[in-house]
Each structure stands twice: as C-alpha cells, then as structure tokens.
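Peer 1: First the structure, then my questions, so here it is.
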Amino acid sequence: MDLDTARGRISEVDRRLVELLNERARLSLNVGAAKRRTLQEQGDDGVPEVYVPGQEKRVFEKVRGLNQGPLSGESVCAIYREIMSASISLQSEVSVGYLGPPGTFSHQAAMQRFGDSLAYVPYAKIEDVIAAAAKEEVTYGLVPIENSTFGAVMQTLDAFVGQPSVKIRAEVYLPVTQSLLSRYQLSAIRKVYSHPQAFGQSRPWLDQHLPHAARVEVSSTAKAAELAAAENYTAAISSEVCAALYHLDV
C-alpha cells in the first residue's frame, strides 16, 4: 500500500470512528435517562449514579479480551478511559475533589481513574477533600490512603472517622516515581522543598548528592515544585508531571 492510499484509508477509518463514538455517546445518554426513570418509579428524586466502578471494570475486561493488536491492552484501556469519561460528563455534571495543588500524585491518580473530561477541584488538605464530598460540594473525592513505604496515611483515616456519611467507592493504584526538579545545576542548589513522605522516599539519594542543602517540608510535592520555580537556588522532590507544569528541569 502506498502512502496516499494509507492516508486515505486512515481518513475513512477516522470518519467511521467519529460516527461510532457519537453513537456510543447517544446510547450512554439513553442509559442515563433509563436510570432516572427507574429512580422516579421508585419514588426517589435523587441523582442516579453515573460512575459505577464495577461496570467500568467489566468494560475494561471486555475490550482487553476483544483486542487483537497491534495496540496493547493498556493502550486500548487508556482510550476507553477517555471515552467513558466523556460519556459520564454528558450524563451529569461530575466534579472530583483531590489533594492539590494541580500536579500532585492525588491529581494524577484522579485523572487516571476518571479521565480528562470531568471537572477537578483542588483542596489544600485531605480533610477538606473528604468534607467537600460529605457536603456534596464535589461528586467524588480522591485522597491518598496508603503507600508502600510508610503505610497508612493517618490524616485520611482520621478524616473518614469524622465524616461517616462518606463511603469508599473504589481504589486507584499509582506507581510513584520521585525526581529532583530545579532550574539550577546540582552544585548550586541550597534548599530542597518536598512533602515529608517524598523526603522519606528520597533520603538516601539526598544524603549522598545534596547533604548540605536545607530540606523544607511543605504540604505537597506539587507545592514544592511551585516554590522551586519561584525561588533562586532551590529544588523540589516532585513528579515529572510537575516539571512540565512549572517549567523545571529534571
């Protein structure tokens, strides 16, 4: 197949894909309408659930089974994550609270779970996220509950005790990779910002490579990147996502 023919075939496939995506979206709207009718028949004036983790899992398992390549199963599921995210946003106004600011691992985990089509609301503290969910200021909240280095996140567990109406609906596993972000060479760095847990995970590296730099704890790794971008001769232990957000070098 020559280049022009291949590009022509791709254009035709794209046209069909757009048609099918919109057909799927219309069917998704029909599902939402059916859910609302069922609630009304039951005398319930509430809003139907648009995010059902079990159904999401079944969809992912189904498309993995249907996939015959060359796309990987992970790639197909990533595509479907965004398709379902767009469908959810059509059915209802869904917002997700997370431990901010933008760029935190909680933000990344929320995006991994819900996709790019929903509204994301950052909060300064874990208890604020859970309180917002309890007050229905947001539809869902995503907070860290455990990590493999330090175990349970006690602030989260304590906050749940204070908000018994908030229930855990699903969990997200997010591999965490920390990086040193800065605008300066290693030899010029005098101060490093990060979250206490990130410092704990990177302590051996810092002891070896930046033993004399001051270590300043802040509320999140994203906040650390924000400060490192604003101050001279500083760095942050944070994520590569934050490097892009705050224009820092890894």
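Peer 1: So for region 103-218, considering every pair of alpha-carbon atoms, how many percent are separated by more than 20 Å?
Peer 2: Working: 3373 of 6670 pairs.
Across region 103-218, Cα pairs with separations above 20 Å total 51 percent.
Peer 1: In degrees from 0 to 90, rounded to the nearest 10, what is the angle of the helix 53-66 Cα long axis to the longest principal axis of the chain?
Peer 2: 80
Peer 1: Here is a follow-up. Show Met84, Met154, Met111 ordered by accessible area, largest first, where the area counts protein heavy atoms only and the probe is 1.4 Å.
Peer 2: Numbers: Met84 25, Met154 105, Met111 60 Å².
Solvent-accessible surface, decreasing: Met154, Met111, Met84.
Peer 1: Still on this structure, please answer the following. Just the number, please: carbon plus sulfur as a percent of the accessible area of region 173-250, 1.4 Å probe, no ligands or DNA/RNA counted. Mind dumping the intermediate values first?
Peer 2: On the way: 2190 of 4270 Å².
The nonpolar share, carbon plus sulfur, comes to 51 percent.
Peer 1: Same structure, new question: Using only the Cα atoms, work out Rg/Rh for region 1-96, with Rh taken as the Kirkwood radius, to two decimals.
Peer 2: Values: Rg = 17.2 Å, Rh = 15.7 Å.
Rg/Rh for region 1-96 comes to 1.09.
Peer 1: Ordering Glu19, Glu136 from largest to smallest accessible area (1.4 angstrom probe), what's the sequence?
Peer 2: From most exposed to least exposed: Glu136, Glu19.
Peer 1: Only four residue types carry charge here, +1 at the Cβ of Lys and Arg and -1 at the Cβ of Asp and Glu. Report the dipole size of region 1-104 about the Cα centre in Debye, rounded to the nearest 20. Walk me through the numbers on the way to the answer.
Peer 2: Values: 14 positive and 15 negative charges, 43 e Å.
Charge dipole of region 1-104: 200 debye, to the nearest 20.
Peer 1: Between Glu240, Glu127, Glu23, find the one with the highest GNM mean-square fluctuation for the chain; connect C-alpha pairs within less than 10 Å.
Peer 2: Glu23
Peer 1: For the chain, take the longest principal axis of its alpha carbons; what is the angle in degrees between that and the long axis of helix 73-91, to the nearest 10 within 0 to 90?
Peer 2: The angle comes out near 70 degrees.
Peer 1: To test your reading of the geometry: what angle, between 0 and 90 degrees and rounded to tens, separates the Cα axis of helix 3-41 from the longest principal axis of the chain?
Peer 2: Between helix and principal axis, roughly 80 degrees.
Peer 1: Using the heavy atoms of the protein chains and a 1.4 angstrom probe, tell me the accessible area per residue for the chain in square angstrom. Before the final figure, lay out each step's value.
Peer 2: Details: 15160 Å² over 250 residues.
It amounts to 61 Å² per residue over the chain.
Peer 1: A follow-up question, please. Report the far tail of the P(r) of region 54-122, meaning the percent of Cα-Cα pairs longer than 21 Å.
Peer 2: On the way: 760 of 2346 pairs.
Everything past 21 Å amounts to 32 percent.
Peer 1: Where nothing but the Cβ of Lys and Arg (+1) and of Asp and Glu (-1) is charged, how large is the charge dipole of the chain around its Cα centre, in debye to the nearest 20? Could you put the intermediate results ahead of the total?
Peer 2: Working: 25 positive and 29 negative charges, 48 e Å.
Roughly 240 debye for the chain.
Peer 1: Heavy atoms only, probe 1.4 Å: what % of the accessible area of region 1-143 goes to carbon and sulfur, would you let me know?
Peer 2: Exposed carbon and sulfur together represent 54 percent of the surface.
Peer 1: Still on this structure: What translational diffusion coefficient, to the nearest whole µm²/s, does region 95-138 have by Stokes-Einstein, given a Kirkwood radius computed over alpha-carbon pairs, a temperature of 10 °C and 1.306 mPa s viscosity?
Peer 2: Numbers: Rh = 10.2 Å.
Reported coefficient: 155 µm²/s.
Peer 1: Stokes-Einstein at 10 °C, 1.306 mPa s, Kirkwood radius from Cα pairs: D for region 23-78 in µm² s⁻¹? Don't skip to the end; give the middle numbers.
Peer 2: Values: Rh = 13.4 Å.
Stokes-Einstein gives a translational diffusion coefficient of 119 µm²/s.
Peer 1: Amide H to amide H under 5 Å from Gly141: which residues, 5+ apart in sequence or cross-chain, H placed 1.01 Å off N in plane?
Peer 2: Gly97
Peer 1: Report, by chain and number, residues whose modeled amide H sits under 5 Å from the one on Arg215, excluding near sequence neighbours (fewer than 5 apart, same chain).
Peer 2: Val192
Peer 1: Please express the shape of the chain as an equivalent ellipsoid: the semi-axes are the square roots of 5 times the eigenvalues of the C-alpha gyration tensor, given largest first in whole angstrom. Please report the intermediate quantities before stating the final value.
Peer 2: Details: eigenvalues 290, 152, 44 Å².
Largest first, the chain gives 38, 28, 15 Å.
The values are calculated or read from the model by the stated rules, or taken from the named source; none is laboratory data. The model shown is predicted, which means the values in this text are computed figures rather than measured ones. Positions of Cβ are generated from backbone atoms using ideal geometry, with glycine treated the same way; all protein chains shown enter the neighbour counts. Just so you know, the surface numbers come from the protein's heavy atoms only, side chains and all, with ligands and any DNA or RNA stripped out. Shrake-Rupley method; radii C 1.70, N 1.55, O 1.52, S 1.80 Å.
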